[in-house]
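Notes follow the structure.
The values are calculated or read from the model by the stated rules, or taken from the named source; none is laboratory data. Only a predicted model underlies this, so the values are computations on that prediction, with no experimental measurement involved. Quick reminder, even Gly has a Cβ in these numbers, built from the backbone with ideal geometry, and neighbours come from all protein chains shown.
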Amino acid sequence: MRLREPSRLLTLFLAVPGGLLLWSAFPDAGFWPAAFVAVAVLYWALARDDAWWNLLMGFLFGLAFFLPHLWWAHESTETAPWVALSALEALFLGAFGALWTWARRAPFVRRRGWRLAAVFAVLFVAVEQWRAEVPFGGFPWGRLAWAMAGTPTGRAAWLGGTVAVSLLVAFAGALLALAVAGLVRAVRIARAARAAGAVTAGSATVRSSAGRAVGALALGAVVVLVPLVLPVPTSASAGPVETPEGDEVYDAGSDLAEDGQLWAGAVQGNVGEPGLGAFANRAEVLNNHLEGTYVLAEDYAGELDVVLWPENGSDLDPLTAPDVADGLDAASAAVGAPILVGAQEFPETGGRYNVSLLWQAGQGVIGRYAKQHPAPFGEYIPLRSVLRVFSDQVDRVTTDMIAGVNPPVIDVPSRLGQGAYRLGTVICFEVAYDEIVRDAVEQGAQVLVIPTNNASFGWTAESTQQLAMSRLQAVTTGRAAVQISTVGVSAVITPDGSVVRSTDLFTADEFVANLPLRSSVTPAVAAGYWPGWVVGGLAVLLVAAGVVGQVGARRRARGRDESEAAASGR
């Protein structure tokens, strides 16, 4: 079922629409079946046996995908950084095109149907994994898995995290490509047989080719749907619940609780003007979140374990700003619960930390997490002097952020005196990095909290893309989660990735969630780095096998030529 090598013009025509098709699978368009079709189109676009050409096709496919997918980078900076980031990420897909050309030359892969699809998927996910790790700690945005939140295939995250989900999507997409190729081949054979008047002679070949195509489609369907049988914890109680007082709270799966329940209030304070960001509205953003906390206090004083604020909900360090500390003390006392505050710390040694501080009235900071993975070019500038030549946007980050070294967890004392509950605190872009989320659970996190500041990204899809990641990480870890943003989208997420409450962009909002506390460990968390290591190692072996196989084939061909020349007396 191997495609006949297409023309360069055809592959060029396929590459760009294929990338746009993949973009449509992600939020905000969110038509997730398009991901499988896009992978199939990429498979066809890389059908020529030319590594350099396939590198170009992969790069163009990547550009067509990343430029619209990362449009929020343009919104928050300007054209040059957006194009540079998109081009860098697209280069990885270009490298995939070249690697795939070499790997499929291995003798045990060539013209082997589902084996081709499997090798394609392994290579694609390996490159995706490498892209999530390098350079500067990697950038996992745009992984196939993130398009699968809330889908049957997305449930595979419980078993093997984002690696497993992406692997299934890539495998099913490649099988779709093979199936269509088989059907096209069957049609061509049938037409040729009719034209030659040899219908009977060609019917067996037609049936064989069509049968293989149907088999590939059936296998692809199984790959897409088989995660439905996985025992992902699914709640029967999740959803909005009306209190006796007539208020509405949101159950994130209380029937799945293993260690009790956490009652959390959340405040989305909003900013004064879209586009300026929280940093341009420091005092106003802080006051908005204080006001939202007082709104919660009116109905839930003494009934909450914690109040969640977003990243940069304060920006000002309450340990060095007495008026901020006084404001937090008063709000915490009014609501009767500690507040998880997003703030900035500026140590005397230079730089700054992005922190989540648990602030208790009368005690101050009783828990702290500093962001481990600052975003390169957004929170710190690598190669600042070099990059300034290309764009003055590097000077928007005046003080580079320092990476924290503490585990991504904070303990919240129970209001009922039942010990402490452990939150997994994953700040903003860190939700895209599997190892940080996994580390939180390994450190005992019973629920996930993702404080984020999306104020700089305007009305783009950045926040909903991030929400898709939070949903998939909930499935990966088997934990309920709350994504809480300065401007939205904030959401309450169940352990199976369902959203039971979400907010609008650029609105002030508050809500209360009942979060199940869970301690069981999913297979994905238990597997740790192994899924990524396995696909990476297999990819290296497959490419090496293809290169060795090609070298061997050339030597054999040269030997045959020399033997024929000797036999003919030349």
Check: Does residue 305 meet the test of being farther than 28 Å from residue 261 by Cα and either within 32 Å of the chain's Cα centre (by Cα) or among the charged types (D, E, K, R) (or both)?
Finding: no
Check: Which of the residues belonging to segment 111-134 are of a type outside the set (A, V, I, L, M), in contact (Cβ under 8 Å) with a residue 12 or more places away in the chain and assigned to a loop (DSSP other than H, G, I, E, B)?
Finding: 111, 113
Checklist line | strands (runs of 3 or more DSSP E) contained entirely in segment 335-377, each with at least 3 residues that are under 12 Å from residue 311 (Cα atoms) | finding: 339-345, 353-360
Next item on the list: Run residue 437 past the list (1) in contact with a Phe, Trp or Tyr (Cβ under 7 Å, 6 or more places away or on another chain); (2) in a helix (DSSP H, G or I) and report the number of the one that doesn't hold.
Entry: (1)
Next item on the list: Specify which of the listed residues (504, 509) is within 25 Å of residue 150 (Cα to Cα), out of contact with any Ser or Thr (no Cβ under 9 Å at 6 or more places or on another chain), modelled with pLDDT of 95 or more and in the same structural domain as residue 340 (by TED's automatic domain parsing).
Entry: 504
Check: Among the residues of segment 334-393, which ones are out of contact with any helix residue (DSSP H, G or I) (no Cβ under 7 Å at 6 or more places or on another chain), of a type in the set (Lys, Arg) and modelled with pLDDT under 95?
Finding: 352
Check: Mind checking which residues of segment 280-312 are closer than 16 Å to residue 454 by Cβ and part of a loop (DSSP other than H, G, I, E, B)?
Finding: 309, 310, 311, 312
Margin query: So residue 204 ticks every box in (1) out of contact with any Leu (no Cβ under 6 Å at 6 or more places or on another chain); (2) closer than 18 Å to residue 41 by Cα; (3) not basic (Lys, Arg) but one. Which box is left unticked?
Written below: (2)
Next item on the list: Could you pull out the residue among 73, 35 that is free of Cβ contacts under 8 Å to residues at least 24 places away in the same chain and either in contact with a Leu (Cβ under 7 Å, 6 or more places away or on another chain) or not assigned by TED's automatic domain parsing to the domain that holds residue 216 (or both)?
Entry: 73
Next item on the list: Would you kindly identify the helices (runs of 4 or more DSSP H) lying entirely within segment 1-94 that contain at least 1 residues that are among the hydroxyl-bearing types (Ser, Thr, Tyr)?
Entry: 8-23, 34-45, 71-76
Checklist line | Single residue of segment 234-268 satisfying the filter (of a type in the set (Asp, Glu) and not in a strand (DSSP E or B)) that is surrounded by the fewest Cβ atoms within 10 Å (Cβ to Cβ) | finding: 245
Next item on the list: Restrict the check to segment 75-92 and report whether at least one residue is closer than 11 Å to residue 55 by Cβ, crowded, with 20+ Cβ neighbours inside 10 Å and over 18 Å from the mean Cα position of the chain (by Cα).
Entry: no
